[in-house]
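The values are calculated or read from the model by the stated rules, or taken from the named source; none is laboratory data. If you're wondering where the values come from, they're calculated on a predicted model, not measured in any experiment. FYI the Cβ positions are ideal-geometry reconstructions off the backbone, even for glycines, and counts take in every protein chain you see. Just the protein is used for accessible areas: all its heavy atoms, side chains included, with ligands, DNA and RNA removed. Shrake-Rupley method; radii C 1.70, N 1.55, O 1.52, S 1.80 Å.
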Amino acid sequence: MEGAVSDEADGGRQWAAQPGFWRQVVEQLGASLVVVGPSGRVVAANPAAERLLSRSAEAMAGKDFHDLVHRHADRERPGIRCRLLEALIHAGEAHADSDRYLCGDGKLVEVSWSAAPVTDGASFEGTAMLFARLSDDRSERAEHMQALEDLTGRLTLVAQITAVLGQTLETDEALARLGRMLVPGLADWVAVDLLVGDDETHRVAVTGPDGRDRGQEGWRARLPFAGESRSPLVQAVRGAVPVLDEDAGAPARPDSPLAALHSGFLQSVGAASALTVPLGSGRHSTGALTLVRTDPAAPFGNDDLQVVVDIGRRVGQVLDNTRRFGRQRDVAEAMQRNLLAPLPQPGRLLLAARYQPAPAASQVGGDWYDAFQLKDGVTALVIGDVVGHDLTAAAGMAQLRGILRSLAWDRTEPPGAIVDRLDDAMPAITTVPMATLVLARVEGPRDGPWTLRWTNAGHPPPLLLTPNGHGRYLDDARGPLLGARTGTGTGDRRPDATTPLPSGSTLLLYTDGLIELRGADLDTGLSRLRRNALALAEEPLDDFCDQLLTRMPPGNVDDIALLALRLPPP
């Protein structure tokens with residue numbers, strides 16, 4: 001292994017970063033390695049194990065490892081516990097300085113062994129059994145077994161990092177998880193720098209002994225890097241070259257702004273040795289990962305470099321995915337917001353609206369609101385939800401909004417009649433298969449009193465909050481979803497309903513993301529919304545909307561749109 005990293009410029013570093021590197025390490029390992037599954041049966045064995053046990057890997061595959069090497073090894077007598085059997089049953093770390101294994105030729109061989117669990121995140125996958133023939137030099141044996149145990153621990157760490165980081169598409173959360181796994185297990189400090197564009201880097205995370213260090217993240221300015229710089233950080237980012245700095249604490253004269261950043265960081269944390277590796281593989285680097293140890297007695301070595309190179313490759317892939325996901329989500333959210341029209345200012349009536357994308361959505365959705373003046377002076381209010389959470393749903397939402405505006409402006413008629421015409425036209429001139437909405441008219445003279453006239457096409461009911469501290473859902477005028485009607489005769493006309501709007505009251509229209517949570521029933525969501533809305537009813541309308549969203553419990557997976565109307569006080 002040492003020869004693969006001794007030269008900074010040779011091709012060994014690229015070979016070490018390849019996915020099959022660790023398989024080659026295991027196959028060429030001088031110590032014997034057997035991996036058993038959760039049931040204790042042999043899954044794999046390296047060539048050293050085949051030679052020591054005089055058995056081929058094929059012959060051992062599927063056999064109970066304990067029965068194979070111990071059951072007939074003249075080791076198990078009544079009253080004596082078998083440490084090997086206990087290690088396999090309890091799936092924990094264990095070792096024995098002296099033991100005897102039965103070989104395929106019937107001979108017993110003196111060995112020392114170490115057992116370590118192999119996990120994939122929280123899942124137990126089996127046990128790695130490392131063993132070696134005993135020699136007369138006990139100190140040499142102990143050192144050898146310690147090295148084998150360290151190797152097992154590092155391999156397990158790489159697997160755990162891959163599993164844990166793969167569970168999130170949020171860049172900041174991925175960086176936080178990475179820091180917690182590397183500090184203090186492998187390093188005292190960890191820093192992550194990401195590429196911005198083609199020639200700038202951005203220090204996005206620093207983790208130390210006390211967790212995330214925001215003070216160290218103060219160096220967050222985007223810095224250019226010089227291609228000829230000798231800085232490990234520049235070499236890792238531009239040349240995809242891993243660097244082991246065995247004297248990281250020594251003063252250095254920076255030859256670029258990025259080199260100054262890296263040197264200043266190492267000096268400030270008291271680095272004794274450091275590893276800086278690319279994030280990604282080959283020439284496709286998205287940044288750099290730097291690990292620091294501050295104890296001169298425990299410096300990084302070439303074996304550590306190999307492990308961290310593998311970690312950097314895997315972390316680079318994860319961060320590349322999270323950044324791509326973040327860009328898609330930002331674009332999706334901007335598209336959604338631009339599709340939502342600005343609100344009118346209808347005299348003394350106050351309007352406010354909010355749109356909140358789903359927490360983990362990478363695509364736009366079909367939730368929407370609208371408010372506009374009709375030619376008879378009435379203010380129309382709309383809240384709706386098109387089936388789906390993709391670009392098709394967003395396009396359908398825009399189509400429905402435009403058609404509904406045209407139909408409402410064309411004739412002065414009740415909301416139910418307008419929505420009936422929209423439902424009839426929808427299959428012919430939109431791509432929307434199904435949708436819900438509430439269309440309402442706020443009728444009355446400029447200074448009131450006002451009346452609400454509305455129809456509901458399968459949507460959650462509006463909530464009316466009155467100044468006397470009461471809140472009620474407007475459950476009347478309910479009709480089928482858009483796209484669900486089977487006829488257009490007189491008997492199928494949508495209902496309308498009316499209710500007075502008292503001075504000082506608040507009307508809230510919203511989509512189902514505000515009341516639906518995974519694992520909770522709809523009645524619970526409606527009760528929670530009414531309780532929260534009543535508690536906020538005296539707040540200014542913009543604060544009312546903002547705080548309704550902040551009071552949402554965790555677990556929401558849907559978009560939220562809401563539209564609020566506040567009547568002036570008497």
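Restricting region 192-209 to residues that are surrounded by 19 or more Cβ atoms within 10 Å (Cβ to Cβ) and farther than 22 Å from A297 by Cα, which is modelled with the highest pLDDT?
Here is the first cut: in region 192-209, the residues surrounded by 19 or more Cβ atoms within 10 Å (Cβ to Cβ) are 192-195, 201, 203, 205-208.
Filter again for farther than 22 Å from A297 by Cα, leaving 192-195, 201, 203, 205-206.
Values: V192: 85, D193: 84, L194: 80, L195: 78, T201: 79, R203: 82, A205: 83, V206: 89.
Per the criteria, the residue is V206.
The residue pairs whose first member lies in region 438-452 and is over 9 Å from T379 (Cβ atoms) and modelled with pLDDT under 95, whose second member is open to solvent by less than 20 Å² (accessible area, probe 1.4 Å) and part of a strand (DSSP E or B), and whose beta carbons are closer than 6 Å, counting only pairs six or more residues apart or on different chains, are G444/W450.
Considering only residues of region 247-258 that are open to solvent by 40 Å² or more (accessible area, probe 1.4 Å) and in a loop (DSSP other than H, G, I, E, B), which is nearest to V308 (Cα to Cα)? Show your work before the answer.
Residues of region 247-258 open to solvent by 40 Å² or more (accessible area, probe 1.4 Å): 247, 251-255, 257.
Add one more test, that the residue is in a loop (DSSP other than H, G, I, E, B), and what stays is 247, 251-255.
Numbers: D247: 18, P251: 24, A252: 24, R253: 26, P254: 25, D255: 26 Å.
Checking each candidate, the answer is D247.
For E50, state whether it is open to solvent by 50 Å² or more (accessible area, probe 1.4 Å), modelled with pLDDT of 85 or more and part of a helix (DSSP H, G or I). Judged against the criteria, E50 is a match. Cβ-Cβ distance below 6 Å, separation of 6 or more or different chains: which pairs start in region 426-437 with a residue that is on the phi < 0 side of the Ramachandran plot and end on one that is charged (D, E, K, R) and open to solvent by less than 90 Å² (accessible area, probe 1.4 Å)? Every condition considered, the pairs that remain are T436/D385. Only one of these is in a strand (DSSP E or B) and among the small types (G, A, S): A428, A440. Name it. After applying the criteria, what remains is A440. Restricting attention to region 287-317, the residues that are hydroxyl-bearing (S, T, Y) and open to solvent by 10 Å² or more (accessible area, probe 1.4 Å) total 1.
Can G469 be described as among the small types (G, A, S) and closer than 16 Å to D385 by Cα? Let's see the steps before the verdict.
Numbers: among the small types (G, A, S): yes; closer than 16 Å to D385 by Cα: no.
Against the criterion (among the small types (G, A, S) and closer than 16 Å to D385 by Cα), G469 does not qualify.
Here K63 meets the list (1) within 46 Å of the chain's Cα centre (by Cα); (2) exposed (fewer than 15 other Cβ atoms within 10 Å of the Cβ); (3) at pLDDT 85 or above almost entirely, failing just condition (2).
Taking region 75-186 and the strands (runs of 3 or more DSSP E) fully enclosed by it, the elements with 2 or more residues that are farther than 29 Å from D295 by Cβ, modelled with pLDDT of 85 or more and among the aliphatic types (A, V, I, L, M) are at 94-102, 108-120. Looking only at residues in region 437-473 that are hydroxyl-bearing (S, T, Y) and touching a helix residue (DSSP H, G or I) at 6+ places or on another chain (Cβ under 8 Å), the one that is surrounded by the fewest Cβ atoms within 10 Å (Cβ to Cβ) is Y473. Among the conditions (1) part of a loop (DSSP other than H, G, I, E, B); (2) over 15 Å from D367 (Cα atoms); (3) at pLDDT below 90, D476 misses just one, which is (3). Of A353, A393, A371, all but one fail to be at pLDDT 85 or above and open to solvent by less than 10 Å² (accessible area, probe 1.4 Å); the exception is A371. Among the candidates L266, L261, L233, L244, the residue that is at pLDDT 80 or above and either part of a loop (DSSP other than H, G, I, E, B) or under 28 Å from the mean Cα position of the chain (by Cα) (or both) is uniquely L233. Of the numbered criteria (1) open to solvent by less than 70 Å² (accessible area, probe 1.4 Å); (2) touching a residue at least 40 places away in the same chain (Cβ under 8 Å), the one E516 fails is (1). Applying the criterion of being at pLDDT 85 or above and not hydrophobic (A, V, I, L, M, F, W, C) to the residues of region 269-286, the residue that is surrounded by the fewest Cβ atoms within 10 Å (Cβ to Cβ) is G270.
Table: residues versus (1) within 32 Å of the chain's Cα centre (by Cα); (2) over 15 Å from L349 (Cβ atoms); (3) buried (at least 19 other Cβ atoms within 10 Å of the Cβ).
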position	(1), (2), (3)
T524	yes, yes, no
R528	yes, yes, no
A535	no, yes, no
D542	yes, no, no
D546	yes, yes, no
L549	yes, yes, no
D559	yes, yes, yes
L565	no, no, yes
P569	no, no, no
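Condition check: assigned to a helix (DSSP H, G or I) and either crowded, with 18+ Cβ neighbours inside 10 Å or at pLDDT below 70 (or both). Does R337 satisfy that? Taking the combined requirement at face value, the residue satisfies it. Please tell me if R493 is over 19 Å from G384 (Cα atoms), modelled with pLDDT of 95 or more and open to solvent by 70 Å² or more (accessible area, probe 1.4 Å). Against the criterion (over 19 Å from G384 (Cα atoms), modelled with pLDDT of 95 or more and open to solvent by 70 Å² or more (accessible area, probe 1.4 Å)), R493 does not qualify.
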